[in-house]
């Protein structure tokens, strides 16, 4: 989960990276993939195992592969029966499917023709709106300006919300808070097994929870 979280935060050229890298609204989290990922992974796995993953392009996938092999080894040693083995493998399979869905959302941009047409139609609508409501306020023509501004602002805001929602893992203030989610899951799991190395809870930075 930690490896996947860092991978999802790597930048893509179609994302709003200019609002992430200026470090005004949110912390600069993209570079953490290269500076903090090793440290976090080595707190969970051995140095020998970590060396096997260093040159892999998809760390999360190879970590799950190792987990699957380890489950088979435990089954061969009869730590559990076939039914439990199947259920545990099903959990890894489901997690792998969810990882693939997340990676496809991250890796493949929303169809550009749809995004471009939506933007141009919004701008075209904004240009025509003042002329469309001018007849309504013939006796008070000055009301055309504030009313058309309000209508244009509403539609433009809706377009921008859709634009930012296309990339939920880009590391801006509109992100899905995957860091906080994974941190909460890690805390819960470690508390269940009475592990003493429980991390501190992720706190908001500049008013935003990542």
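The values are calculated or read from the model by the stated rules, or taken from the named source; none is laboratory data. Remember, predicted model here, so these are calculated numbers, not experimental data. Please note: Cβ atoms are built from the backbone with ideal geometry, for glycine as well, and neighbour counts cover all protein chains shown.
Taking the criterion of being at pLDDT 90 or above, surrounded by fewer than 10 Cβ atoms within 10 Å (Cβ to Cβ) and over 21 Å from the mean Cα position of the chain (by Cα), would at least one residue in region 87-104 satisfy it?
No - not one qualifying residue is present in region 87-104.
Does any residue of region 56-71 turn out to be at pLDDT 80 or above, under 18 Å from residue 4 (Cβ atoms), in the same structural domain as residue 11 (by TED's automatic domain parsing) and exposed (fewer than 12 other Cβ atoms within 10 Å of the Cβ)?
Our first condition is that a residue be at pLDDT 80 or above; within region 56-71, this holds for 56-71.
Still in the list and also under 18 Å from residue 4 (Cβ atoms): 56-68.
Filter again for in the same structural domain as residue 11 (by TED's automatic domain parsing), leaving 56-68.
Now restrict to residues that are exposed (fewer than 12 other Cβ atoms within 10 Å of the Cβ): 57.
Yes, because at least one residue in region 56-71 is at pLDDT 80 or above, under 18 Å from residue 4 (Cβ atoms), in the same structural domain as residue 11 (by TED's automatic domain parsing) and exposed (fewer than 12 other Cβ atoms within 10 Å of the Cβ).
Quick check: is even one residue across region 198-209 in the same structural domain as residue 16 (by TED's automatic domain parsing) and within 21 Å of residue 102 (Cα to Cα)? Give the steps one after another, and end with the answer.
First, the residues of region 198-209 that are in the same structural domain as residue 16 (by TED's automatic domain parsing): none.
Within region 198-209, none of the residues are in the same structural domain as residue 16 (by TED's automatic domain parsing) and within 21 Å of residue 102 (Cα to Cα).
May I ask you to list the residues in region 172-201 that are touching a residue at least 24 places away in the same chain (Cβ under 8 Å) and touching a helix residue (DSSP H, G or I) at 6+ places or on another chain (Cβ under 6 Å)? Break it down stepwise before answering.
Kept after step one, since they are touching a residue at least 24 places away in the same chain (Cβ under 8 Å), are these residues of region 172-201: 172-173, 175, 177-180, 182, 185-186, 197.
172, 178, 182 - these are the residues of region 172-201 that are touching a residue at least 24 places away in the same chain (Cβ under 8 Å) and touching a helix residue (DSSP H, G or I) at 6+ places or on another chain (Cβ under 6 Å).
Considering only residues that are in a helix (DSSP H, G or I) and exposed (fewer than 14 other Cβ atoms within 10 Å of the Cβ), which ones fall in region 185-203?
So the first thing to find is which residues in region 185-203 are in a helix (DSSP H, G or I), and the list is 185-192.
Result: 185, 188, 189, 191, 192.
For region 108-122, which positions are assigned to a helix (DSSP H, G or I) and surrounded by 13 or more Cβ atoms within 10 Å (Cβ to Cβ)? Can you show your working first?
Step one: filter region 108-122 for residues assigned to a helix (DSSP H, G or I), giving 112-122.
Listed by number, the residues that qualify are 115, 118, 119, 122.
Does residue 181 qualify as being in the same structural domain as residue 101 (by TED's automatic domain parsing) and surrounded by 14 or more Cβ atoms within 10 Å (Cβ to Cβ)? Steps first, answer last, please.
Details: in the same structural domain as residue 101 (by TED's automatic domain parsing): yes; surrounded by 14 or more Cβ atoms within 10 Å (Cβ to Cβ): yes.
The answer is yes for residue 181.
Which residues, counting only those in region 144-166, are at pLDDT below 85 and either more than 26 Å from the chain's Cα centre (by Cα) or outside any helix (DSSP H, G or I) (or both)?
166
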